[in-house]
1. Among A:Ile7, A:Ile163, B:Ile166, which comes first, then next, by fewest other beta-carbon atoms within 10 Å?
2. Restricting attention to the stretch B:56-88, which trypsin sites (Lys or Arg not before Pro) occupy a DSSP loop and are surrounded by at most 15 other Cβ atoms within 10 Å?
3. Within 10 Å of each Cβ of B:17-26, how many other protein chain Cβ atoms are there on average?
4. Quick one: net charge around B:Asn15, please, counting Lys, Arg +1 and Asp, Glu -1 for every other residue with C-beta under 14 Å from its C-beta.
5. If I take every Cα pair under 8 Å that is 6 or more residues apart in the stretch A:1-142, average their sequence separation and divide by the length, what percent do I get for the relative contact order?
6. Which of the lysines could be linked to A:Lys152 by a straight reach, that is with a Cα gap under 25 Å, when you skip same-chain ones fewer than 8 residues away?
7. List A:Ser121, B:Ser4 from most exposed to least, where exposure is judged by having the fewest other Cβ atoms within 10 Å.
8. Please report, largest first and rounded to whole Å, the three semi-axes of the ellipsoid equivalent to the stretch B:135-189, where each semi-axis is the square root of five times an eigenvalue of the C-alpha gyration tensor.
Amino acid sequence: MNTHQEIAPLLEAYSRRALPAPETAQVAAHLAECETCRQSLAKHEAARALLQEASAPALPAPGRLRLYQKLNEIRAEQGEKLLQVPAELLAQALAKGSAAAQAGGEVAKASGKAALSVANSGAEVARTMHRGAKAVRGKALKAGAKSAHHAKDMVDEAAQTMIDSAHILTSEVAEVVSESMCNPVKAVFAPARLAGKGVKAGARMAKGSLKIAFSGAKSAFRMAQGGLEMGRESVKQGGETAKSVINIAQTALAARNQVAASVGKGMEKVQNAHPPQEGDASNNEILP
Amino acid sequence: MATSDPEILALLQQNDPRGYEILLEDYADLVYRAAYRILQNEQDAEDVTQETFLSVYRQVQNFRGDSKLSSWLHRIASNAAIDHLRAGQRKQGQETPLEDDPGEGEESPEPADENAPHPEESLLQQESLEDIRRALAEMPAKLRSAYLLYMVDGLSLPQVAETLNINLSAAKLRLHRARQFLTEYFSQR
């Protein structure tokens, strides 16, 4: 009977089916009665299976078919008899081809749908931006109109003050002149009185100017207020536009996922495509 | 019943299409795998597979049958794949190591043999398939080729040496280095 010490080093080669027949029989006999070695063998086989899966692809059916075609091209050039492609390979390649065509159609459909929803989202963004631009423009016009209105009031007020002052001064001067003509004594004091009237008129004009300055400040304040309102509106519209852009990004992401899912499904279908069991394909020659 | 190597060779040397049909049936996967293990790319591996069978078509009259058909095909495919890899690297100005270092003629300090312990096997079981693929892809191509012939295809070390057209100590050294590579790769993560 073989011991662990004798069998354990052989297990790896046994798992690779690389032992000569007599040793294979010895190991098999030992495995039948040794749980420890069975577990050890299972580990070797698991590692080998992993390596096999990670490293050993088989030539896919379409590639195999192209290999037959390539050799037949060369043989045809030399006028030699062509190879016969196995019916099973033809059926397999055909099944994969038709699965690929079907998957391609589904991917195209999903892509079309995705493109449409992205386009719709894009149009929504454009509409939001248009609405925003219109609202900002309205606010700007309103603020401009208010400013213009205030400027006009300011000019009117300034002109009126000047006119009033000039009017008062003129009538006061006329009064002093008329009194001077009637009363020579009053005429002696006329220059002083006129100077006094002039000072008064100057004070009125100064008051008017103060009013104008105040009105100007008020107008500037309103203009600033209008600007702030416009700014607020722009921020609001910007926010709405950003929201729409996020929507379009989400739509695009969803669309991409749909297309990816469709591609994945298609790949799976192509991968799993098998020829019909009772195929009617017979051995055919592939012509170059 | 499987056709023997001398029978297939006789058909091939008579240019009988049946010989090629058997050859493709029995060896297309072996050739594709040999190319894929070096190139790590399906399309390139398919191109090299075509190239290999065209070489067989052109050279079969000169093949004397001294080695097994599988070894001969593997050698043609490996050489074509290495040429393909080098040509691609030259084009892209890259350099991927084909082997660890040029000292392959030297004896390994601890030559791998069939009974040596294999620490990488228990490491492999803790890894995902994707990680194993990545590790194999990063392994130098000549080490990968020898390691997989041994581990997956179940060839003995002398058979690996014959298939890769190298001597036995070089085959042992490649296997040893491949195991070392995997052990270090997975231990460092």
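Values in this text are rule-based calculations from the coordinates and carry no lab data. All values derive from a computational prediction rather than experimental measurement. Virtual Cβ from ideal backbone geometry, glycine too; neighbours counted across all protein chains shown.
1. Numbers: A:Ile7 21, A:Ile163 11, B:Ile166 18.
With the sparsest Cβ surroundings first, the list reads A:Ile163, B:Ile166, A:Ile7.
2. On the way: sites: B:Arg58, B:Arg64, B:Lys68, B:Arg75, B:Arg86; in loops: B:Arg64, B:Lys68.
When the trypsin sites (Lys or Arg not before Pro) of the stretch B:56-88 are filtered for loop state and at most 15 Cβ neighbours within 10 Å, B:Arg64, B:Lys68 remain.
3. For this peptide, the per-residue mean of nearby foreign Cβ atoms is 4.
4. Numbers: positive: A:Arg75, A:Lys81, B:Arg18, B:Arg58; negative: A:Glu77, A:Glu80, B:Asp16, B:Glu21.
Once positives and negatives cancel, what remains is 0.
5. 15
6. Here the lysines satisfying the reach criterion relative to A:Lys152 are A:Lys139, A:Lys142, A:Lys207, A:Lys211, A:Lys218.
7. Working: A:Ser121 19, B:Ser4 10.
Arranged by neighbour count, lowest to highest, A:Ser121, B:Ser4 become B:Ser4, A:Ser121.
8. 20, 10, 9
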